[in-house]
Amino acid sequence: MPAPTQTHALLWSQSQCCMHIEPIADMLSENRQAYATDRRMDYVPIYFGTDDECHQAATAVRGTMRQRQQARGALADFPPLEEVPA
């Protein structure tokens, strides 16, 4: 298990049909801000690990994401995974 400072989260957004990877500390900060301002969060964590492991997990579920996007009638290809600056 990676150290907490190296742990990242793979987040999934149902409304946007996309994924995002960010450090756990950033995710928790955003969630606390959402709680403090009583606003919804769309991103749901679906995997925790190193940045590389999260990218591997994203690759593993990309086919499901494409199927869901096609079922919605989207014309564009699946958007690329958002990169978080180091």
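Values in this text are rule-based calculations from the coordinates and carry no lab data. From a predicted model like this one, the values you see are computed outputs, not experimental measurements. As a convention, Cβ positions derive from the backbone with ideal geometry for all residues, glycine included, and neighbour counts pool all protein chains shown.
How many of the residues making up region 5-23 are buried (at least 17 other Cβ atoms within 10 Å of the Cβ), within 15 Å of residue 49 (Cβ to Cβ) and not charged (D, E, K, R)? Matching residues across region 5-23 total 10. The residue that is farthest from the chain's Cα centre (by Cα), among those in region 38-60 that are small (Gly, Ala, Ser) and under 18 Å from residue 14 (Cα atoms), is 60.
Restricting attention to region 24-50, the residues being touching a strand residue (DSSP E or B) at 6+ places or on another chain (Cβ under 6 Å) and either under 29 Å from residue 72 (Cα atoms) or surrounded by fewer than 11 Cβ atoms within 10 Å (Cβ to Cβ) (or both) number 8.
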